Each structure stands twice: as C-alpha cells, then as structure tokens.
Amino acid sequence: MVASWAQARLAVRPPDRTPRWLATFFLLSWALASAFGAEPAAQPPASRNFHLFLLIGQSNMAGRGEMEEIDRAPHPRVWKLTRAGDWTAAVAPLHFDKPKIAGTGLGGAFGRKLAEENPDIHVGLIPCAVGGTRIGQWKKGGKLYANAIARTRTAMQRGVLKGVLWHQGEGDSGSEQAVEDYIHKLTRLVHNLRTDLQAPAIPFIAGQLSRAWGDEKPLRRKFNILLLRHARHQTIPRLGTVLSQDVSAKPDKTHFDSAGLRELGKRYAAAWKHTAGVFSDRDPGVAPRSIRFQGQPVSQAVSVLAARAHVPYAVDLEVLESPVWTQPYHAEFNNITAGRALRALLAQVGLNSRQTPGSNLLQIGKAAAPPTPDKPQP
C-alpha cells in the first residue's frame, strides 16, 4: 500500500498553479477507491436468473398512458434495454418508437409484478413495439422483425429469454378478411420468432383489444373472441391470452389509459406464469381416471396430454398450417400414462414426435410416409 501511495503521488502531482488542498483531495479520493474498491455502475447480473422478455406490437404495447409517479419509480431488479443496447432501470417510457407521445405502457407493471413474486430473479425488458403497425409489418424479412431479433440476441448475452409479450391488432381489425387472416399470420410470426431465437417452446402472450367500443366495433369483438378461442385450443402451442374485460381506456376508446395499462401488465404476468407452467422429465404414471376427448381439436388434446405428462412441445410449421392440427378428435384413454396416450394420439392422426437430445422437449411433425415397394421387373 505504501508503494502504491508513493506512485500515486508521483503520477498525479499537480502543476504548480493547482491549489495544494485540491491536490490533496484528489489523492485521498484515489487512495480510498484503491483501498475499498470503486463501486461499478449498476448493471443486471449476467446469469440464468436474469429473465428476459421481448415486448412487441403496436401503440398499446409501446404505451400511450400518462406517466405518473409509480411509472417513474425504478425497481432495483427490473431493467430495460435502451435504444443503444445498454441496460438501465426500467422506468417509463420504456419504448422509444415515438418519443413525443411515448408514455406509460404495460411492461413496467409486468416487470414489477414478476420481480415482486420472484425475489431471486432480475427482469429484463426488451422494448421493440412501434405504434400504428399492422401484423404484416412484423413478418420475417422486414425491418421490425429484424430489429426485434437483433436486440433480443444482444440481451441474451446476459440473460435467458423467458417469453414474448405481444399486443397488436387494432390495425388489423378493420375488415372481415383482415380478422379472418390474423391467426394464420400470427401463427407464422410466433413460429419464426421461436425458431430464430432458438426458443421453440417459449411462451407467447397476446392481449385482447380494448372493449370500450362495445358494440360500435363488432370486428374488434370478433377479433377478441378468435384470439381467446385459439389460445384455449392451443392451435399455437403455449399461446396465452390476456382478457381486456373491465380494463379502462382513454377517451379515444382504442388506447388503454395509465391505470388500464398497469392492470394489463399484471394480467400479462399472470398469463405468462400460467402458460409457462412447470415441466419436468417425469411422466406422472397411470392416469387416475380416464381421459376423454369428444370433438376437441387435435391441438387441444395434444396440449392436455403434454401438460399431464409434464413435457413442453413444439410443432412444425407444416403441421400448424395443416387441417389435421385443428380437426375434431374423439378418443378415450384408460389407465395408461399421459405420455403413452400422447404418442397414441399422434399416431392416430398421422403425426410423430421425437425428443430433443439433452431435453424433454417433444418436437412434433408429420409422420414419414412408408416407403413404396419396388415394382418387380418384368
């Protein structure tokens, strides 16, 4: 310590015009920092306990609520990825799509809720939403999609991606055809995100549109019903839906207000927790009673059995976009494990599954067609 002190005096010796008291102050500051260690700038930990969430969609995800004190108060374990790719406290506004009107969104309440319920984790929010966008602008190959992938990969250098939060649809509920085409486009978006981020079973949480319009906007009501129906039937595996019932909106009836967005954030947290579930590599054994499916879609039957067998699963895009995935299914399984029933179901509808090496993730695809025997030569 004496040697380093002497070197410090030589290294920082001030010019003759510098007051002696100021030089002494600098020397003492340097010595204390050397002795006790300078405190680094606060940053989230680089570990598996840093849980990351991608926030995408249009204005209700970006946030247009008036900012209040609770939205500006930082939580010590909730972070956001800045436009420059750095981590900072997740205070409003999280997004930067339109700085002049960006305000409170649902991401802050979502992050705080998860952090409060899980004291061992840090939450990292990756804001990428852009107001006024349609789902077609988020397709693979476009700028918005590429930006979301790039920023998420940057974030994943420090933590683990745990979910995607999506709120969009106001721009796609203006016609019957747009509403009818929406789930098909959403299915492809979810599949592409999971593939490109190497997270095949990551939960995808989507929120319903504002109900403040009531019967004035029947297509928005239809949109909300379709979104909920597909989540219940799991036509997109591990799709969770957040209901907008009794969530307050601004006078324009399209954008949620600050209180409504904070409520939505809490609902997103609950939906993510339910959708993520807890999986293990353990089949629970003989079913305590029969499992019967009477006309439910194949997708829902697969989801039920996979949950009972405690296994996550991913489905090939070719299957997701084929009629077999949504066709009615009728069967009853008695006194067999959920895992065995799942394999039987897949075989009955012409699908197969394989377990990913080193994981209990099931990859579901179309069964290979049996080879055609060679015709005998005349």
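Numbers below:
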| read-out | value |
| --- | --- |
| Among (1) over 15 Å from the mean Cα position of the chain (by Cα); (2) surrounded by 21 or more Cβ atoms within 10 Å (Cβ to Cβ); (3) not in a loop (DSSP other than H, G, I, E, B), the one test that V123 misses | (1) |
| Criterion (in contact with a helix residue (DSSP H, G or I) (Cβ under 7 Å, 6 or more places away or on another chain) and under 26 Å from A73 (Cβ atoms)) met by exactly one of G163, G159, G169 | G163 |
| Hits in segment 66-75 (condition: open to solvent by 30 Å² or more (accessible area, probe 1.4 Å) and either in a helix (DSSP H, G or I) or touching a residue at least 24 places away in the same chain (Cβ under 8 Å) (or both)) | E66, M67, E68, E69, I70, R72, H75 |
| Boolean, Q137 is closer than 19 Å to A62 by Cβ and either outside any loop (DSSP other than H, G, I, E, B) or more than 13 Å from the chain's Cα centre (by Cα) (or both) | yes |
| Matching residues in segment 59-70 - criterion: being among the polar types (S, T, N, Q) and in contact with a strand residue (DSSP E or B) (Cβ under 7 Å, 6 or more places away or on another chain) | N60 |
| Neighbours by Cβ (under 8 Å, 6+ apart or cross-chain): first from segment 77-101, in contact (Cβ under 8 Å) with a residue 60 or more places away in the chain and more than 15 Å from A115 (Cβ to Cβ); second open to solvent by less than 50 Å² (accessible area, probe 1.4 Å) and not acidic (D, E) | L81/W87; L81/G124; L81/L125; L81/I126; L81/P127; L81/R151; L81/A155; G85/R151 |
| Unique match (being under 20 Å from the mean Cα position of the chain (by Cα) and open to solvent by 60 Å² or more (accessible area, probe 1.4 Å)) among E263, E216 | E263 |
| Flag if L81 is under 21 Å from K273 (Cβ atoms) and not aromatic (F, W, Y) | no |
| Any pair with Cβ under 6 angstrom, 6 or more apart, that starts in segment 173-197 at a residue that is part of a helix (DSSP H, G or I) and ends at one that is among the basic types (K, R) | V179/K222; N192/K140 |
| Matching entry among K162, K98, K113 (being in a strand (DSSP E or B), among the charged types (D, E, K, R) and out of contact with any Asp or Glu (no Cβ under 9 Å at 6 or more places or on another chain)) | K162 |
| Among residues of segment 225-259, those that are assigned to a helix (DSSP H, G or I), of a type outside the set (A, V, I, L, M) and surrounded by fewer than 21 Cβ atoms within 10 Å (Cβ to Cβ), counted | 3 |
| Any hit, segment 169-176, residues being under 16 Å from the mean Cα position of the chain (by Cα) and modelled with pLDDT of 95 or more | no |
| P200 vs. criteria within 16 Å of the chain's Cα centre (by Cα), open to solvent by less than 10 Å² (accessible area, probe 1.4 Å) and farther than 24 Å from T82 by Cα | no |
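The values are calculated or read from the model by the stated rules, or taken from the named source; none is laboratory data. Bear in mind that the values here come from a model prediction, so they are computed numbers and not experimental data. Neighbour counts run over all protein chains shown; Cβ positions are idealised from the backbone, glycine included. Just the protein is used for accessible areas: all its heavy atoms, side chains included, with ligands, DNA and RNA removed. Shrake-Rupley method; radii C 1.70, N 1.55, O 1.52, S 1.80 Å.
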